[in-house]
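A.B. asks: Have a look at the structure that comes next, please.
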Amino acid sequence: MRRAVLLLALVLLAGCSSGGAKPKPSDLNNQPQAGPYQGFGLVPPLPRPSFTLTDTTGKRFSFSQTAGHPTLLYFGYTHCPDICPTTMADIAQAVAEQPAAVRSQTQVVFVTTDVKRDTGHVIAAWLRHFDTDLPTKFVGLTGTQAQIDAAQAAAHVVLAEDGGQTHAADVLLYGADDYAHVKYLQSDNESDQIAHDLPLVSKEASS
Amino acid sequence: MNWTSIRPWVGTVARVVLGGIWIWAAWSKLGNPRGFVQAVRAYDVTPEWMSKAIGYGLPVLEVCIGVLLILGIVTRAAAIVSGLLLFVFLIGLIQASARGLKLECGCFGGGGTTIGSTHYTLDILRDVGLIAVSAYLVIWPITRFSIDEFLARNDQVEMPSAKRMRSEQGQRKYNAMLEARRREAEIRTRYVTLALGLVVVLVSVIGIGVQANRAKIQGDVTATNASVANGVVAGKSNAPVTVDVYEDFQCPICLQFEQSTGQDIAAKIKANQIEARYHTMAFLDSASTGNRYSSRAANAALCASDVSVADFVKYHDVLYGKDSSGQQVQPAEGSHGRSNTQLLDYAKQAGIKGNDLTTFQSCMSGEQHKSLVAAITDKASQRGVSGTPTVMVNGNKLGSVDKASFDAAVAKAAAKASTSPSPSPSGSTSTSTSTPSP
């Protein structure tokens, strides 16, 4: 009973302070929400980082090329037994669920943390498991250890160690406004969370 | 307590003191834009357009720098600009001192030629000290209680444990994070500096416009027998030699000059040897305690010129002479200037009476020629007259203002005029810019 009263008071207080429409609480994760997202809100939002790495065909790829598009950024490695493949599969599924306009815009960028084993060829072959049915193919990136470190630091994720096998599992979603307002962690709901939030950060939704 | 922990506090003090000095220095200059332009001209190193840009824009720029320093935003850039400005001032002071110009610094308002001793050594030492304070802030721009400190609050990267730092992996990670945060800070600083720099430039340019507008002389600058360009002209225009006399009724050296050479000038006018143009300047208002004798006397003299040029000359002679009770009319510098009642008495003494006296009284007490006085003063400054008395014979400045050199210059100019059909500038006088000061 006391708890209910307290909750009511809190709701009233919140109503007083915010005034406007309150974002719907997330039913896809158990964290307090920031904004209308179902993933984990980032306050303050992280700006889209700039780093340059090498893509699977050996060409230089600047992350700024994806500017203005909703972009999912993930750091992992291809020999990863569980988290990396499931995360990539979740991302692929979420993108596939989107309406055509959002689906064709959305960019997915995978950066390897295991520079020794993950050559361009290996990454390309691995990514093809996930993006075969999608209109916009996933981008796989590699580089020198220093470049990979710099990219992770620029994206504000914890730097990987142990040859890339201990790495941050965060999936960062940068919106059309070039800010990441939300990120995702490996869970049963990850795909639904991404699917819910993608239209919110794409240009169609904001215009 | 050690140096590392004291340093940012020292920086805070340096920042606030330097910023305060900039704002203080700008304040009185902002209030008197025309006066500061005249002070800049007196340094005699800038062309007219630049003197104006500096005179109007510099105080605004100084306020901007002061505000930035006190807020502690873009401290390094503000300190660099501060140091550069001070360096330019230093060069200006050194050149003025080396050329023997007797100037007041004008650093905190005022300026122009000074009567007393110059304080170049003190001014230069103060400048060097402030440059040192600026340099401190350039080297250590992050100070306590500053916006810069607030903006950099998230730039720190936690140092891992000592054990972890010994491992190649830990060190690599730490360095990568450090480098990333450093780059972000650099980009942020660049944008903030560019944006604020743009704002400061815009504000300064707008400030030039605003100050130029405020410096404009409002009101009527015409009079029956006086003009901005020529002052009051006594004598005939067909006289072979033209003499320009720039005087301030408050200036003691003008008094000396008038007492030694005044009768000589009057005689030469009468003999139609010269045409004298009296430029009644007023820039020594600060020398009388609050009642602006310099301006009021110049105005009264112009009011006398409305009656007739002859009355102007008589009134002018009374102001440089003695009153009916035999006392010297010119008030001592730093004393209370003569009252309007006294200025009216001098008019009676000069022989103005009847309706003319009534007209004179209303003109004098209402300061009807206030704008004209200001315009004549500014015109003189534009012509490079930075002190009084300045005497020009056919446009050539007299090197030393005394009877002997005046007579010599007039004689030489007259000789030249008689050989050539049109009066031409005489080369007899020194072109040195140093003139005796008030």
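A.B. asks: For the stretch A:103-120, indicate whether the set of residues that are in contact with a Gly (Cβ under 7 Å, 6 or more places away or on another chain) and surrounded by fewer than 17 Cβ atoms within 10 Å (Cβ to Cβ) is non-empty.
C.D. replies: Yes, the stretch A:103-120 contains a residue that is in contact with a Gly (Cβ under 7 Å, 6 or more places away or on another chain) and surrounded by fewer than 17 Cβ atoms within 10 Å (Cβ to Cβ).
A.B. asks: Limited to the stretch B:144-164, what total is found for residues that are within 14 Å of another protein chain (Cβ to nearest Cβ), over 30 Å from B:VAL16 (Cβ atoms) and assigned to a helix (DSSP H, G or I)?
C.D. replies: Result for the stretch B:144-164: 1.
A.B. asks: Which condition does B:LEU84 not pass, out of (1) in contact with a helix residue (DSSP H, G or I) (Cβ under 8 Å, 6 or more places away or on another chain); (2) over 20 Å from B:ALA215 (Cα atoms), if it passes all the others?
C.D. replies: Among (1) in contact with a helix residue (DSSP H, G or I) (Cβ under 8 Å, 6 or more places away or on another chain); (2) over 20 Å from B:ALA215 (Cα atoms), B:LEU84 violates only (1).
A.B. asks: A:ASP177 fails exactly one of the following numbered conditions: (1) within 14 Å of another protein chain (Cβ to nearest Cβ); (2) surrounded by fewer than 20 Cβ atoms within 10 Å (Cβ to Cβ); (3) within 27 Å of B:ARG182 (Cβ to Cβ). What is the number of that condition?
C.D. replies: Only one criterion in (1) within 14 Å of another protein chain (Cβ to nearest Cβ); (2) surrounded by fewer than 20 Cβ atoms within 10 Å (Cβ to Cβ); (3) within 27 Å of B:ARG182 (Cβ to Cβ) is unmet by A:ASP177, namely (1).
A.B. asks: Right, here's the next one. Going through the stretch A:100-137 one residue at a time, which ones are in a strand (DSSP E or B) and touching a residue at least 40 places away in the same chain (Cβ under 8 Å)? Quick ask: steps written out before the conclusion?
C.D. replies: Residues of the stretch A:100-137 that are in a strand (DSSP E or B), as a first pass: A:107-112.
Within the stretch A:100-137, A:GLN107, A:VAL109, A:VAL111, A:THR112 meet the criteria.
Rundown of residues vs (1) at pLDDT below 90; (2) in contact with a Phe, Trp or Tyr (Cβ under 6 Å, 6 or more places away or on another chain), yes/no style:
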site: A:VAL158; (1), (2): no, no
site: A:GLY164; (1), (2): yes, yes
site: A:TYR174; (1), (2): no, no
site: A:LEU185; (1), (2): no, no
site: A:GLN193; (1), (2): no, yes
site: A:HIS196; (1), (2): no, no
site: A:SER202; (1), (2): yes, no
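A.B. asks: Examine the stretch A:85-96 for a residue that is without any contact (Cβ under 8 Å) to a residue 40 or more places away in the chain, of a type in the set (A, V, I, L, M, F, W, C) and within 14 Å of chain B (Cβ to nearest Cβ), and state whether such a residue exists.
C.D. replies: The answer is no; no qualifying residue exists.
A.B. asks: Could you give every pair whose Cβ atoms fall below 7 Å, whose first residue belongs to the stretch B:353-371 and is of a type in the set (Gly, Ala, Ser), and whose second residue is modelled with pLDDT under 90, counting only separations of at least 6 or pairs across chains?
C.D. replies: Filtered contacts from the stretch B:353-371: B:SER365/B:ASN340; B:SER371/B:ILE217; B:SER371/B:GLN218; B:SER371/B:GLY219; B:SER371/B:ASP220; B:SER371/B:VAL221.
A.B. asks: If you don't mind, there's one more thing I want to ask. Being touching a strand residue (DSSP E or B) at 6+ places or on another chain (Cβ under 8 Å) and either among the hydrophobic types (A, V, I, L, M, F, W, C) or at pLDDT 85 or above (or both) is true for just one of B:ASP123, B:ASP155, B:ASP148. Which residue is that?
C.D. replies: B:ASP123 is the lone residue from the list that is touching a strand residue (DSSP E or B) at 6+ places or on another chain (Cβ under 8 Å) and either among the hydrophobic types (A, V, I, L, M, F, W, C) or at pLDDT 85 or above (or both).
A.B. asks: Kindly evaluate A:ALA146 against the criterion of being surrounded by fewer than 22 Cβ atoms within 10 Å (Cβ to Cβ) and among the aliphatic types (A, V, I, L, M).
C.D. replies: Judged against the criteria, A:ALA146 is a match.
A.B. asks: What do you reckon, is B:LEU202 without any contact (Cβ under 8 Å) to a residue 40 or more places away in the chain, within 14 Å of chain A (Cβ to nearest Cβ) and in a helix (DSSP H, G or I)?
C.D. replies: No: the conditions fail for B:LEU202.
A.B. asks: In addition: Which count do you get for residues in the stretch B:43-69 that are without any contact (Cβ under 8 Å) to a residue 24 or more places away in the chain and closer than 14 Å to B:GLY207 by Cα?
C.D. replies: Residues of the stretch B:43-69 that are without any contact (Cβ under 8 Å) to a residue 24 or more places away in the chain, as a first pass: B:46-47, B:49-51, B:54.
From what's left, closer than 14 Å to B:GLY207 by Cα: B:54.
Total meeting the criteria: 1.
A.B. asks: When you scan the stretch B:337-424 for helices (runs of 4 or more DSSP H) that lie fully inside it, which ones turn up with 2 or more residues that are assigned by TED's automatic domain parsing to the domain that holds B:ALA310, buried (at least 17 other Cβ atoms within 10 Å of the Cβ) and more than 22 Å from the chain's Cα centre (by Cα)?
C.D. replies: Passing ranges, in order: B:340-349, B:355-365, B:403-419.
A.B. asks: Can you go through A:ALA21, A:ALA89 and tell me which one is small (Gly, Ala, Ser) and modelled with pLDDT of 90 or more?
C.D. replies: Criteria check complete, one pass: A:ALA89.
Conditions tested, residue by residue: (1) within 21 Å of B:ASP123 (Cβ to Cβ); (2) modelled with pLDDT under 90.
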{"position": "B:ARG41", "(1), (2)": "yes, yes"}
{"position": "B:ASP44", "(1), (2)": "yes, yes"}
{"position": "B:ALA53", "(1), (2)": "no, no"}
{"position": "B:LEU68", "(1), (2)": "no, no"}
{"position": "B:ILE94", "(1), (2)": "yes, no"}
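A.B. asks: Out of all the residues in the stretch A:147-169, is one or more in a helix (DSSP H, G or I), over 19 Å from the mean Cα position of the chain (by Cα) and either away from every other protein chain (no Cβ under 14 Å) or under 26 Å from B:ALA176 (Cα atoms) (or both)?
C.D. replies: yes
A.B. asks: Taking the criterion of being loosely packed, with under 15 Cβ neighbours inside 10 Å, away from every other protein chain (no Cβ under 14 Å) and of a type in the set (Gly, Ala, Ser), would at least one residue in the stretch A:125-136 satisfy it?
C.D. replies: Narrowing the stretch A:125-136 to residues loosely packed, with under 15 Cβ neighbours inside 10 Å: A:125, A:128-129, A:132-133, A:135-136.
From what's left, away from every other protein chain (no Cβ under 14 Å): A:125, A:128-129, A:132-133, A:135-136.
Among the residues that remain, those that are also of a type in the set (Gly, Ala, Ser) are: A:125.
Checking the stretch A:125-136: at least one residue is loosely packed, with under 15 Cβ neighbours inside 10 Å, away from every other protein chain (no Cβ under 14 Å) and of a type in the set (Gly, Ala, Ser).
A.B. asks: Could you identify the single residue in B:ALA276, B:ALA229, B:ALA310, B:ALA301 that is surrounded by 23 or more Cβ atoms within 10 Å (Cβ to Cβ) and within 26 Å of B:GLU367 (Cα to Cα)?
C.D. replies: B:ALA301
A.B. asks: Taking the stretch B:169-198 as the search range and keeping residues that are in contact (Cβ under 8 Å) with a residue 60 or more places away in the chain and hydrophobic (A, V, I, L, M, F, W, C), which one is farthest from the other protein chains (Cβ to nearest Cβ)?
C.D. replies: Checked the stretch B:169-198; the qualifying residue farthest from the other protein chains (Cβ to nearest Cβ) is B:LEU196.
The values are calculated or read from the model by the stated rules, or taken from the named source; none is laboratory data. Model, not experiment: these values are computed from the prediction. We place every Cβ from the backbone using ideal geometry, glycine too, and count neighbours over all the protein chains shown.
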